[in-house]
Amino acid sequence: MGALTDMHLSALWVSVRLATMTVVVLLLVGTPLAWWLAHTRSKLRPIVEAAVALPIVLPPTVLGFYILVALGPHGPLGRFANLSLAFTFTGLVIASVFYSMPFVIQPLQGAFEAVGKAPLEAAWSLRASKWDAFLTVISPIALRGYISAIVLGFAHTMGEFGVVLMVGGSIPGQTRVLSTTIFEHVELMEYAQAHAVSAFMLIFSFLTLLTVYIANRRFPIHVS
Amino acid sequence: MSHLLARFDVRFPTFHLEVDVDVPMSGITAIFGPSGSGKTTLLRCLAGLERAPNGFVQFGTDAWQDETIGLCLPLYKRPIGYVFQEPRLFPHYNVRANLLYGYKRVPVEERRIAIDQVVDILGIGHLLERRIHKLSGGEQQRVAIGRALLTSPKLLLLDEPLASLDIQRKQELLPFIRRLHEELRIPVMYVSHAVAEILQLADRVVLLKEGTVIATGALNEMLTSLKFRGNFGAHRIGAILDARVAAHEEQYGLTQLEFNGQHLFVPPQPVAVGQIMRVHILSSDVSLVLGKPIAPTSVLNILEAAIVEIREMDQTSVDILLDIGVPLVASITRKSLVTLGLKPGHRVFAHIKAVALNEELTA
């Protein structure tokens, strides 16, 4: 088993930055969306739920392809940014936001549904405004949902491969992440190095999931 | 005295709430009706948790909702304390932090109720550092009431706060509710479908049926109204009196009560002279005598009365509404009615065979 080299550390750093940015964006966008999904009686709800869940079943290449087209100089996002976002870190973040969306939205939605509106109404009756009530009552009660959302969103972004390859290519220091590194090692028959990175990812993923399950025990959702 | 005015006309998928009430803001007003009559919905509309499309709510001189000008204050801007059916305490805070949650959000100059006062009335001093899930149901509900009180509300809304508790806990909590009202002078709207709670607590009743207010009035007037008393399923109630303790006759082991110039003797009460006690008279414990008895009688409680209204209940019995300064219902047999030739307007003497004390009737 070969050791991790500078090239690997650079790819790890890109992976971590990408996963962090993606989770931050998803928490900001996902919190209101998950809240809406948890409480709306709108007929649009199943449509939105299905759209959010798509990346779970869709081949990453399909998602990657459409995002690549959208990010390109003639795509809507590319034109909006007035430059091609394909094969850039920003483009990668945008792609990851879509790709990891269900892993952040679904735990949040589940937590908000479990918490219900009762504590919110209680907070309003105690003079807390809507924002105040959300920050001081709903988020702490839904803490487990947030832990799951953050950990799963982060880990899933770390592990993405197909979308990254389609949208980002594998430019060292910019869009080369750990998962694509493994692919390149295998192509070059560097099995020892592929093995080292793979083992790292395996252990990392296991520890991540372990964290989620321990957190679920440690912070059960209390519903009074 | 300030009033609460409210008008709602809302259609929900399952029923239609249509109310127009004007309630004086003093004492405890019970919103009473069977399950599904719209009590909770009415309370939620008053609080602004449901927005009735053409609703109107005015508390004293303050408009809380007036859809003609598009006004509907959110609950957090209304000076309301709200206690839900379930305690809804915040599980991530301990008891003290729950109590202080609303208190901290009320401007200092508007705080009229102190923490020590609430802790004392509700008897929760020993619970302050506890986690919420370590409390019993009754303790949780007391904390929930305390938390609402600490926002120094001008109106306290209680939505069946005892519904989720067993009988013993209910009996434990009822005196607290009465006491907090007496000590803090906050008008209370109390939703309940339990007659026993209303008999102990209410001063006034708003009677709801299928989303509509069918009557509003003082508790005793409602319970003795031959038209409405059936709605309470409490046909046995003759009267509920808030009587003053006039004297203790210690040599006979009796306490004398006084109301509207009339007197009643009851077993000795550990209540100081001058205090008000609530007592019940069962309609079957009231019998009628045409003239003042010439021969001495062992009956202690004889009250002068005028017959107001007579209603035949079934083949055997009739209910007679009397005026003894306050309304009182006597249930007698139809045979006695005919034999005595009783008619509205007649003056009679009501013999009260027994007076039930508050707790005895409702326990």
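Table for the structure above
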read-out: Residue A:103 vs. criteria more than 13 Å from chain B (Cβ to nearest Cβ) and within 12 Å of the chain's Cα centre (by Cα); value: yes
read-out: Top-ranked residue in region B:128-164 [being surrounded by fewer than 18 Cβ atoms within 10 Å (Cβ to Cβ) and more than 17 Å from residue B:118 (Cβ to Cβ); ranked as nearest to the other protein chains (Cβ to nearest Cβ)]; value: B:133
read-out: Matching entry among B:88, B:105, B:96 (being more than 9 Å from chain A (Cβ to nearest Cβ) and not small (Gly, Ala, Ser)); value: B:96
read-out: All positions within region A:50-73 that are in contact with a Ser or Thr (Cβ under 9 Å, 6 or more places away or on another chain) and not in a loop (DSSP other than H, G, I, E, B); value: A:55, A:71
read-out: Checklist (1) more than 30 Å from residue B:148 (Cβ to Cβ); (2) among the small types (Gly, Ala, Ser); (3) within 14 Å of another protein chain (Cβ to nearest Cβ) applied to residue A:50, failing item; value: (3)
read-out: Residue check, residue B:282 within 24 Å of residue B:317 (Cα to Cα) and not small (Gly, Ala, Ser); value: yes
read-out: Tally of residues being more than 7 Å from chain B (Cβ to nearest Cβ) and within 11 Å of residue B:102 (Cα to Cα) across region A:117-132; value: 1
read-out: Flag for residue B:183 being closer than 28 Å to residue B:77 by Cβ, in contact with a helix residue (DSSP H, G or I) (Cβ under 7 Å, 6 or more places away or on another chain), surrounded by fewer than 21 Cβ atoms within 10 Å (Cβ to Cβ) and not basic (Lys, Arg); value: yes
read-out: Selection from region B:108-127 of residues that are surrounded by fewer than 16 Cβ atoms within 10 Å (Cβ to Cβ), away from chain A (no Cβ under 11 Å) and under 25 Å from residue B:154 (Cβ atoms); value: B:108, B:109, B:111, B:112, B:114, B:116, B:120, B:123
read-out: Meets criteria (of a type in the set (Gly, Ala, Ser), surrounded by 17 or more Cβ atoms within 10 Å (Cβ to Cβ), without any contact (Cβ under 8 Å) to a residue 60 or more places away in the chain and within 11 Å of chain A (Cβ to nearest Cβ)) for residue B:81; value: no
read-out: Total residues in region B:332-353, condition farther than 17 Å from residue B:285 by Cβ and in a loop (DSSP other than H, G, I, E, B); value: 6
read-out: Residue selected from region B:193-222 under the condition over 12 Å from the mean Cα position of the chain (by Cα) and among the acidic types (Asp, Glu), by the criterion nearest to residue B:323 (Cα to Cα); value: B:221
read-out: Elements of type strands (runs of 3 or more DSSP E) contained in region B:262-331, each with 3 or more residues being under 18 Å from residue B:228 (Cα atoms) and at pLDDT 90 or above; value: B:301-312, B:317-323
read-out: Any hit, region A:177-186, residues being of a type in the set (Ser, Thr, Tyr), touching a residue at least 24 places away in the same chain (Cβ under 8 Å) and surrounded by fewer than 24 Cβ atoms within 10 Å (Cβ to Cβ); value: yes
read-out: Residue ID - modelled with the lowest pLDDT, chosen from residues in region B:119-166 that are within 22 Å of residue B:29 (Cβ to Cβ) and among the β-branched types (Val, Ile, Thr); value: B:121
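The values are calculated or read from the model by the stated rules, or taken from the named source; none is laboratory data. These numbers were taken from a predicted model, which means no experiment stands behind them. We place every Cβ from the backbone using ideal geometry, glycine too, and count neighbours over all the protein chains shown.
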